[in-house]
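These notes are about the structure you will find just below.
Rule-based calculations on the coordinates, nothing more; no lab input. Remember, it's a predicted structure, so these values are computed and weren't measured experimentally. Using ideal geometry, Cβ is built from the backbone for each residue, glycine included, and neighbour counts are taken over all protein chains shown.
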């Protein structure tokens, strides 16, 4: 039976709820905005509160007999060629943990690309899974990590044939993509599942000129953030399942272990409506976004001192396998400033928000929501930035080590180091000690230090110099990084 993608079960049930005039003597306590603070209602608008109802005993009856959520999930699965889809209102940070727990358990090994997001490391800490790190492909010239290759995963599986599965991040926040089909084939020859953290790839299924997405490439579990490159609300995430290596009831059980019992219908509705939008109009919308990205990229290249990273920069021998142009990664080092300075200046002086920032780049993310007006505002602001850069203070030097010196040796399990006896020591005395905390430049959120890794002077200098230059380290125990938490 052909799926009816003109339907949006969550949105339709919410409309029915309002038409029925139901009177709830149940949470949420604002009772359809009536009890909300007037100042809050003025800022948020009543629509937010009107969409905030219980999922069970509100949107659907107490036993879920209307199958509202399950129908919405079935339509999402059909849209991306998955066998099963599960909605999450706790972001992909939760979804990826559920995926990991469905594949491996305490003290079992899981192959993981070391460029993984901090949520993956949190999953290791909570679960006790043993990470077998697969090194990213490092671009030493640009100081950038790309996803590991299929050959690297094969070598890792040969070293650790006991591994229960593998996890790779693709696309990265920079738009670099892995050879998912090749990695899936490597895993499936050994009958182990592949998890793809595709948080930045919600848009990929909806245009042939975009990189392949996980389900079509043969992955077993795929985690996608609908709020990043899609039209969903923040925290909207889905995980898709395909094949017979991971039972759907097991994945659901692991997700229930972590998820909230009070899911947001607002977030469900955003994901449901986005799926309908993309199935019905996605190719047209993504074609326009790709054309706009080409326009912006050409415009950036015309600005002296700026360089927009392209396929020729990211793909090739020893680099990424594919490339998504929509993250719009711009190298500002030619202006003599850091990405931190550029992002701060654009926000303060031109009301422009950049996403990704590092010691030499900013990310100007484009989606199907952008048009020539927003694109030209961005280009105008970047021209102004280039004119203002000579008057800015000299760029603070971030001491980025060479790739070989950036990687730390894993001396103990992340869970053991995080929960075991620990102490704080001055950073000057931390080299050689084993970290008991995670330290993550954010965004993009790839930890530089994991619990259980042995600290070195080059990495400590990188983090200290980065912090002085404007790097954001939100998870360090000492925000000033004068002291570091280490194992006793």
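If we sort 5-17, 230-242, 325-337 on the protection proxy, mean other Cβ atoms within 10 Å, highest first, what's the order?
For the peptides 5-17, 230-242, 325-337, the packing ranking is 230-242, 325-337, 5-17.
Considering the convex hull of the alpha carbon atoms of segment 115-191, report its projected area averaged over all viewing directions, in nm², one decimal.
Seen from a random direction, the Cα hull of segment 115-191 projects 5.5 nm² on average.
Compute the Rg to Rh ratio over segment 266-387 from the alpha carbon atoms, using the Kirkwood formula for Rh, and round to two decimal places.
1.01
Can you give the relative contact order of the chain as a percent, counting alpha carbon pairs under 8 Å and 6+ residues apart?
About 14 percent, as a whole number.
Run the numbers on segment 1-158 and let me know its relative contact order in percent, using alpha-carbon pairs under 8 Å that are six or more apart.
15 percent
What order do you get for 191, 433, 114, 347 when you list them from fewest to most C-beta neighbours inside 10 Å?
The most exposed by this proxy come first: 191, 347, 433, 114.
Taking every eigenvalue of the Cα gyration tensor of segment 110-151, multiplying by 5 and rooting it, what semi-axes result, largest first, whole Å?
22, 12, 6
Sorted from largest down, give the three principal axis spans of the alpha carbons of segment 403-487, whole angstrom values.
32, 25, 22
Mind ranking 268-274, 436-442, 415-421 by how tightly packed they are, going by the mean number of other C-beta atoms within 10 angstrom, highest first?
Taking the mean over residues of other Cβ atoms within 10 Å, the ranking is 268-274, 436-442, 415-421.
Sticking to Cα atoms, compute the Rg of segment 52-171 to one decimal and its Dmax as the biggest Cα-Cα distance, whole number, in Å.
18.3, 58
I need to check one value: relative contact order of segment 317-362, counting alpha carbon pairs closer than 8 Å and at least 6 residues apart, in percent.
41 percent.
What ranking, highest mean first, results for peptides 284-291, 30-37, 123-130 when packing means the other Cβ atoms within 10 Å averaged over each residue?
Those peptides, ordered most packed to least, come out 123-130, 284-291, 30-37.
Could you give the nm distance between label points at residue 284 and residue 348, where each point is 7 Å from its Cα heading toward the beta carbon?
My value for the distance between the label points is 4.4 nm.
Over the Cα atoms of the chain, compute the convex hull volume and normalise it per residue, giving Å³.
Looking at the chain, the number lands at 163 Å³ per residue.
Along Cα→Cβ, 7 Å out, is where each label goes; now give me the distance between the ones at residue 40 and residue 298 in nm to one decimal.
It works out to 4.9 nm between the two label points.
Across the Cα atoms of segment 7-76, what radius of gyration and what greatest pairwise Cα-Cα distance (Dmax) are found, in Å?
Calculated on Cα positions, Rg and Dmax stand at 13.1, 39 Å.
Hey, what number do you get for the chain at 222 nm if only DSSP H runs of n ≥ 4 count, each worth -39500 (n - 2.57), divided across all residues, to the nearest 500?
When only DSSP H runs of four or more count, the value is -11500 deg cm²/dmol.
Using 1/(1 + (r/R0)^6) with R0 = 25 angstrom and r between the beta carbons of residue 162 and residue 429, what's the FRET efficiency to the nearest 0.05?
Between residue 162 and residue 429 the formula returns 0.10.
Roughly how many nanometres apart are two label points built 7 Å out from the Cα toward the Cβ at residue 480 and residue 216?
Taking the simple label geometry, residue 480 and residue 216 are separated by 5.3 nm.
As a footprinting exposure proxy, order 4, 358 by other Cβ within 10 Å, with the fewest listed first.
Ranked by crowding around the Cβ, least crowded first: 4, 358.
Once you order the gyration tensor axes a ≥ b ≥ c over the Cα atoms, which shape class does segment 354-412 get: rounded for a/c under 1.5, otherwise prolate or oblate by comparing a/b with b/c?
oblate
Could you tell me the convex hull volume per residue, in Å³, taken over the Cα atoms of segment 9-276?
143 Å³
In segment 160-288, what percentage of the DSSP-assigned beta bridges are antiparallel, given to the nearest 5?
Bridges in segment 160-288 are about 40 percent antiparallel.
By DSSP, what percent of the beta bridges with both residues in the chain are antiparallel, rounded to the nearest 5?
Looking only at bridges with both residues in the chain, the antiparallel portion is about 65 percent.
What share of the DSSP beta bridges in segment 9-276 is antiparallel, in percent to the nearest 5?
Percent antiparallel among DSSP bridges in segment 9-276 is about 45.
Report the full-extension gain for the segment residue 61 to residue 25: residue separation times 0.36 nm, less the Cα-Cα distance, to one decimal in nm.
Length gained between residue 61 and residue 25: 11.6 nm.
Using a 10 Å cut-off around each Cβ, can you sort 20, 122 from fewest to most neighbouring Cβ atoms?
Fewest-to-most ranking of 20, 122: 20, 122.
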